[in-house]
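K.L.:
Just dropping this structure here.
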Amino acid sequence: MNLYRRLILSFGLMVVACGARAAGEFVVQDIQVDGLQRISAGTVSNYLPVQVGSSVSEQEYPEIIRALFKTGFFSDVSLERKGSVLVVTVTERPAISEVRITGNEDISTDDLKKALAEVGLVEGRVFDRSLLDKVEQELLRQYYSRGRYAVRIDSQVRSLERNRVAITIEISEGAVASIGQINIVGNQAFSDKELLGLLQSSTTGWLSFFSKDDQYSKQKLAADIETLRSFYLDRGYLKFNVDSTQVSITPDKKDVYITINITEGEPYAIEDILLTGNFGDVPESDLRKLITIEAGETFSRAKMAETTKKLSERLGEDGYAFANINTVPQVNDETRKVTLNFMVDPGQRVYARRINFQGNIKTQDDVLRRELRQAEGAWVSTKDLDRSKTRLQRLEYLESVSAETPAVPGTNDQVDVNYTVVERPSGSLMFGIGYGQDSGLLLNASVTQNNFLGTGNQMSVVLNRADYGENYSIFYNNPYFTPDGVSRGFRLYYRNIDASQINTADYVLNNYGVQVSFGFPLNEFDTLVLLPGYDHVTIDTTTDTPVEIFDYIDQNGDTFNEFKLDATWARDTRDRVVFPTSGSLNQISTELAVPGSDAEYYKLNYRGVMYYPFARWLTWSLSTDIGYGDGYGNTDGLPFFENFYAGGLRSVRGYKANTLGPRYSDNEPSGGAFKTVASTQLILPVPFLEKSENVRTAVFFDVGNVFATPSDFDANELRYSVGIAGLWLSPLGPIAVSVAAPFNDKPDDETEVFQFSFGVPFN
């Protein structure tokens, strides 16, 4: 009987349990989604973990809700059952209609919007308030790293119709915190002054306005730490370590105090130098010559890296373009000695199968190919590749050049050399107007082609008319008249110049002529140019012409037929022609009126300019211009119309153009047969301009004068000036400005503090 009761009881419990399960679980016959505005029901169905026909219980509701929340589309989700229908009720997050950023100057709007897009805060996407909070924190971090600790970020979200929002991020950047003090703790071998002088970061100085070196940034401090590390490693301190760096800011967030704690260690010396491995076909003696490190000297990481570079470059010259130099320092801490082992693995010698050009639409392949120093079928020389690229970049009709050396499929010793070039407009048709204090009003028209019909030949037609006269010329040059780079060109010209309009004596110079040029490349940097020609000169006088000119005309006539042979040697190692920052240009030119000319004379001129990178943001330049001329044969002295002049924007600034030097009896400038001018400039970054490829400013010191003959040279007669100059290569033409202060001018000197020219070529 008990057994029978137990069975009945068990059966009853099973029935109850089945009834309870049936009450919580059902088969979904339909799914109804409520609350949708922009998002389609199909999109919701794709994310739902349940479909029509599935069995669902209330215990599964949380999982379904979590799946919909993960989409990021909804701010609220709820489920309910209506019979066999599953009802999903959602509240959509609003869509971002607009993202507006204001107040930013240090970081561009495009860069900020790009960063916002990467995290999903972009127009058209779903808005998530937590994401905006994260963005604000990231913006603060970015500005803090730039030293702007007073920055404030204020975000506003404005609701719009159709469940949209407009986001406005207002940024108050604040000033960059200035560095109040930098402390280096732990240095004994080197003084604070010496170490602090190495750093980009500095306390406020007289050049901080330009250099911004007193403005704190995390990136700049990190670079300074690496500079310190390199400094010590280059002096043998192998165990040097930066223990910690502390940066503290004053309560007003205007000043930053930096403390760098270091451990110097002891200096290590070189015990031995080893050169091991396989050298290929390169003589071992050639490689050993490149190792300038000697046993006994202090270890230097810089010298080690430089030697490694030289070894790699030497192997690259013989076709081992992918040579690997592994430098292994073997350190003995007990003796503080280091053995350097330069382990050489030349790899496979590589040949250039083909040289290809891409991007040259106008320029013929042969025009580019003639500039190359790397040849097809030859070993791939890293030196020749680099020089080839440099020569291509110096072509005026190419904007940029890139090179790749992909391996030839199926080979291990061949590559193709692929040059991709971007052409710039090689020709121009220009009509313009300009003004200069020394030239007056200038009207010009010109047709110029630096890449005529894609041949690389140069052609120009120039028509200029100014207050001082007229200048017309036709020029054509073939830089590769011969395959080995001998150039040939010609120039026809006519000039009519009223000398009184350029601050010299009252007379008019008329001359026309023709000149042929032949250029001979002597090596990669040296060029010799010969320029034979003919020049016809006529002098017109007025009642105000100085008596000295009348006397000259009485003796020699007013018309001269000159047969000339000019020559110029130049060595140019500048990194670029426009606004160079390193290298030099040295140029010696001669002008000779050959025997048989109506006036027999010669002129010699030297021009030199050198550029020295100074610090990381300054360039120092030094230039000089020396000229001398004299007559010979039937001519006594240099003809007056060939005299040298000084003063003006292109000479000693602060003095009127062409006014320095000897004068005629009527006190008009006469020029002279000997000119000496020098200038030094400190080229500065342009304030408020991060990129200034077309603008240059400089602080200058000029000195110079003109003398009747070299024997008349007197150092006490040299004129000096200091000032600030600027040059802008504007779309309308070059604009040159200088503000100079002459500080040893004499009563008869004609000074001019402010000088400028617009649309007038400035060389």
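The values are calculated or read from the model by the stated rules, or taken from the named source; none is laboratory data. No experiment lies behind these values; they were computed from the predicted model shown. Virtual Cβ from ideal backbone geometry, glycine too; neighbours counted across all protein chains shown.
K.L.:
Only one of ILE361, ILE325 is β-branched (Val, Ile, Thr), part of a loop (DSSP other than H, G, I, E, B) and either closer than 24 Å to PHE452 by Cβ or free of Cβ contacts under 8 Å to residues at least 40 places away in the same chain (or both); which? Break it down into steps so the answer makes sense when it comes.
P.N.:
Details: ILE325 fails: part of a loop (DSSP other than H, G, I, E, B).
Checking each option against the conditions leaves just ILE361.
K.L.:
Regarding the range 685-703, can at least one residue be identified that is at pLDDT 90 or above, of a type in the set (S, T, N, Q), closer than 25 Å to GLY608 by Cα and not in a strand (DSSP E or B)?
P.N.:
no
K.L.:
Another question about this same structure. Given the residues LEU509, LEU463, which is the only one that is over 30 Å from ARG369 (Cα atoms), assigned to a strand (DSSP E or B) and touching a residue at least 40 places away in the same chain (Cβ under 8 Å)? Break it down stepwise before answering.
P.N.:
On the way: LEU463 fails: touching a residue at least 40 places away in the same chain (Cβ under 8 Å).
The conditions single out LEU509.
K.L.:
Name the one entry in PHE490, PHE520 that is modelled with pLDDT of 90 or more, over 30 Å from ASN658 (Cα atoms) and either part of a strand (DSSP E or B) or assigned by TED's automatic domain parsing to the domain that holds ASN643 (or both). Spell out how you get there, then give the answer.
P.N.:
Working: PHE490 fails: over 30 Å from ASN658 (Cα atoms).
The conditions single out PHE520.
K.L.:
Working carefully through the options ALA305, ALA295, find the one that is of a type outside the set (Val, Ile, Thr) and assigned to a loop (DSSP other than H, G, I, E, B).
P.N.:
Details: ALA305 fails: assigned to a loop (DSSP other than H, G, I, E, B).
After ruling out the rest, the residue left standing is ALA295.
K.L.:
If you scan the range 142-172, which residues turn out to be in a loop (DSSP other than H, G, I, E, B) and within 20 Å of LEU121 (Cα to Cα)? Steps first, answer last, please.
P.N.:
Taking the range 142-172 first, the residues in a loop (DSSP other than H, G, I, E, B) are 146-151, 161-163.
The answer is GLU161, ARG162, ASN163.
K.L.:
Also, quick follow-up: Can you name every residue in the range 477-504 that is among the hydroxyl-bearing types (Ser, Thr, Tyr) and surrounded by 17 or more Cβ atoms within 10 Å (Cβ to Cβ)? It would help to see each step written out before you state the result.
P.N.:
Filtering the range 477-504 down to residues among the hydroxyl-bearing types (Ser, Thr, Tyr) leaves 480, 482, 487, 493-494, 500, 504.
Hits for the range 477-504 are TYR480, SER487, TYR493, THR504.
K.L.:
Please verify whether the range 395-417 includes one or more residues that are at pLDDT 85 or above, over 30 Å from ASN658 (Cα atoms), of a type in the set (Ser, Thr, Tyr) and in contact with a Lys or Arg (Cβ under 7 Å, 6 or more places away or on another chain). Even if it seems obvious, please write down each step before you answer.
P.N.:
Here is the first cut: in the range 395-417, the residues at pLDDT 85 or above are 401-411, 413-417.
Remaining after also requiring over 30 Å from ASN658 (Cα atoms): 401-411, 413-417.
Remaining after also requiring of a type in the set (Ser, Thr, Tyr): 402, 405, 411.
With the extra rule that they be in contact with a Lys or Arg (Cβ under 7 Å, 6 or more places away or on another chain), the set shrinks to none.
Scanning the range 395-417 turns up no residue that is at pLDDT 85 or above, over 30 Å from ASN658 (Cα atoms), of a type in the set (Ser, Thr, Tyr) and in contact with a Lys or Arg (Cβ under 7 Å, 6 or more places away or on another chain).
K.L.:
So, GLY637, is that one over 38 Å from the mean Cα position of the chain (by Cα), at pLDDT 95 or above and farther than 20 Å from ARG696 by Cα or not?
P.N.:
On the way: over 38 Å from the mean Cα position of the chain (by Cα): yes; at pLDDT 95 or above: no; farther than 20 Å from ARG696 by Cα: yes.
When the stated conditions are applied, GLY637 does not pass them.
K.L.:
What number of residues in the range 41-87 are over 20 Å from ASP128 (Cβ atoms) and hydroxyl-bearing (Ser, Thr, Tyr)?
P.N.:
6
K.L.:
Separate question: Out of the residues in the range 117-164 that are exposed (fewer than 13 other Cβ atoms within 10 Å of the Cβ) and among the small types (Gly, Ala, Ser), state the one that is farthest from ILE39 (Cα to Cα).
P.N.:
Among them, the one singled out is SER130.
K.L.:
So is ALA646 under 30 Å from VAL577 (Cα atoms) and not in a strand (DSSP E or B) or not?
P.N.:
On the way: under 30 Å from VAL577 (Cα atoms): yes; not in a strand (DSSP E or B): yes.
Yes, satisfied.
K.L.:
Take the conditions hydroxyl-bearing (Ser, Thr, Tyr) and assigned to a loop (DSSP other than H, G, I, E, B) and apply them to SER679. Does it pass?
P.N.:
Values: hydroxyl-bearing (Ser, Thr, Tyr): yes; assigned to a loop (DSSP other than H, G, I, E, B): no.
Spelling it out, it is not the case that SER679 is hydroxyl-bearing (Ser, Thr, Tyr) and assigned to a loop (DSSP other than H, G, I, E, B).
K.L.:
For THR581, work out the one condition from (1) in contact with a Ser or Thr (Cβ under 7 Å, 6 or more places away or on another chain); (2) over 24 Å from THR390 (Cα atoms); (3) part of a loop (DSSP other than H, G, I, E, B) it doesn't fulfil.
P.N.:
Here THR581 meets the rest and fails (2).
K.L.:
With the range 9-108 as the region, which strands (runs of 3 or more DSSP E) entirely inside it contain at least 2 residues that are modelled with pLDDT of 80 or more and more than 30 Å from VAL165 (Cβ to Cβ)? Walk me through how you get there before you give the answer.
P.N.:
Numbers: elements: 25-27, 30-34, 55-57, 74-82, 85-92, 95-102.
By residue number, 25-27, 55-57, 74-82, 85-92.
K.L.:
A further question follows. Taking TYR468 as the residue in question, decide whether it is in contact with an Asp or Glu (Cβ under 6 Å, 6 or more places away or on another chain) and among the aromatic types (Phe, Trp, Tyr).
P.N.:
Working: in contact with an Asp or Glu (Cβ under 6 Å, 6 or more places away or on another chain): yes; among the aromatic types (Phe, Trp, Tyr): yes.
So TYR468 fits the description; yes.
K.L.:
Tell me, please, whether a residue that is surrounded by fewer than 17 Cβ atoms within 10 Å (Cβ to Cβ) and touching a Phe, Trp or Tyr at 6+ places or on another chain (Cβ under 7 Å) can be found in the range 639-646.
P.N.:
So in the range 639-646, the residues surrounded by fewer than 17 Cβ atoms within 10 Å (Cβ to Cβ) come out as none.
Within the range 639-646 (the criterion being surrounded by fewer than 17 Cβ atoms within 10 Å (Cβ to Cβ) and touching a Phe, Trp or Tyr at 6+ places or on another chain (Cβ under 7 Å)), the answer is no, since none of the residues qualifies.
K.L.:
Moving to a separate point now. Within the range 364-413, restricting attention to residues that are among the acidic types (Asp, Glu) and part of a loop (DSSP other than H, G, I, E, B), which residue is farthest from LYS309 (Cα to Cα)?
P.N.:
Let us first name the residues in the range 364-413 that are among the acidic types (Asp, Glu), namely 365-366, 371, 376, 384, 386, 396, 399, 404, 413.
Subsequent filtering for residues that are part of a loop (DSSP other than H, G, I, E, B) retains 371, 376, 396, 413.
Details: GLU371: 26, GLU376: 26, GLU396: 31, ASP413: 22 Å.
For the range 364-413, the residue satisfying everything is GLU396.
K.L.:
Here's something else I'd like to know. Residues being of a type outside the set (Lys, Arg) and touching an Asp or Glu at 6+ places or on another chain (Cβ under 6 Å): count how many of those fall in the range 282-317. Break it down stepwise before answering.
P.N.:
Just the residues of the range 282-317 that are of a type outside the set (Lys, Arg), to begin with: 282-287, 290-300, 302, 304-308, 311-313, 315-317.
Of the ones still in play, those that are also touching an Asp or Glu at 6+ places or on another chain (Cβ under 6 Å) are 282, 295, 300, 302.
Total satisfying the criteria: 4.
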